[in-house]
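In what follows, a structure is listed as structure tokens, so that the remarks can point back to it.
The values are calculated or read from the model by the stated rules, or taken from the named source; none is laboratory data. These numbers were taken from a predicted model, which means no experiment stands behind them. Virtual Cβ from ideal backbone geometry, glycine too; neighbours counted across all protein chains shown.
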Amino acid sequence: MNYQSEWLRIDPIKGSRRFSNLCWAFLLVFGAIGFFSVGFSSYLGRDLIPILSSQQIIFIPQGIVMCFYGIAGVFLGFYLWCTILWNVGSGYNQFDKREGIVYLFRWGFPGENRRICIRFMIKNIQAIRMEIQEGFSPRRVLYLRIKGQQDVPLTRLDEELTLREMEEKAAELARFLRVSIEGF
């Protein structure tokens, strides 16, 4: 839900709390538990989970490798669940014409730098730049081109915008900030 008035525009940014991340986290954890239980069952010589048979798995080397992959998968799943819980990457882009300042706010990992806030003056914005890469892994990103600084991304790198949506978003923002658009 975007908010825009004559002097203020706020664009929310979606973070790690997405349906696809939830699906990957469930699959990763359950698959890792399955790998570990089959590997450990091969060590014990009996099945811990009846539907996962380990009779044809020899503990050395297959069972050990399955235990290792299971433990690694649990740790990766825990990491993914933490990013979902903390909603890493979420935040907002705020453009305030009255103060002449742009605020880019994102939530990071807990710790000293949990709150990531970047501020710069609107008068230093040269243009809105669109980067479009088509192909097997399409990439469509909006950037702020700032005088004397590196381009700042406004959208997530994995955000799936259609070309039309991206052009509309860039045009609205360029119109609001009264700057040009690059990258057509």
Under 9 Å by Cβ, and 6 or more places apart or on different chains, what pairs join a residue from the stretch 45-66 that is in the same structural domain as ILE33 (by TED's automatic domain parsing) and touching a residue at least 24 places away in the same chain (Cβ under 8 Å) with one that is among the β-branched types (Val, Ile, Thr) and part of a loop (DSSP other than H, G, I, E, B)? GLY63/ILE57; MET66/ILE57
Would you call TRP24 closer than 30 Å to GLU165 by Cα, assigned by TED's automatic domain parsing to the domain that holds ARG175 and of a type outside the set (A, V, I, L, M)? no
When (1) surrounded by 13 or more Cβ atoms within 10 Å (Cβ to Cβ); (2) among the small types (Gly, Ala, Ser); (3) assigned by TED's automatic domain parsing to the domain that holds GLU159 are applied to GLY111, the one that fails is (1)
Checked the stretch 131-184 for anything without any contact (Cβ under 8 Å) to a residue 12 or more places away in the chain and either of a type in the set (A, V, I, L, M) or assigned to a strand (DSSP E or B) (or both); matches are GLN133, ALA171
Could you look through the stretch 112-128, keep only residues that are of a type outside the set (Asp, Glu) and in a loop (DSSP other than H, G, I, E, B), and pick out the one that is modelled with the lowest pLDDT? ASN113
Restricting to the stretch 1-21, what's the tally of residues that are closer than 30 Å to TYR79 by Cα, part of a loop (DSSP other than H, G, I, E, B) and in contact (Cβ under 8 Å) with a residue 12 or more places away in the chain? 4
Filter the stretch 1-42 down to residues that are exposed (fewer than 14 other Cβ atoms within 10 Å of the Cβ) and hydroxyl-bearing (Ser, Thr, Tyr) and give me whichever is farthest from ILE71 (Cα to Cα). SER5
Of the residues in the stretch 78-106, those that are of a type outside the set (A, V, I, L, M, F, W, C) and part of a loop (DSSP other than H, G, I, E, B) come to ASN87, GLY89, SER90, LYS97, ARG98, GLU99, GLY100
Options PHE35, PHE109, PHE40, PHE75: the member that is part of a loop (DSSP other than H, G, I, E, B), of a type in the set (Phe, Trp, Tyr) and farther than 30 Å from PHE176 by Cβ: PHE109
Against the conditions (1) farther than 22 Å from LEU8 by Cβ; (2) surrounded by 12 or more Cβ atoms within 10 Å (Cβ to Cβ); (3) not charged (D, E, K, R), where does LEU144 fall short? Just the number, please. (1)
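Within the stretch 149-183, work out how many residues are small (Gly, Ala, Ser), over 16 Å from GLN94 (Cα atoms) and modelled with pLDDT of 90 or more.
2
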Which one of ARG145, ARG98, ARG129, ARG140 is within 17 Å of SER180 (Cα to Cα) and touching a Leu at 6+ places or on another chain (Cβ under 9 Å)? ARG129
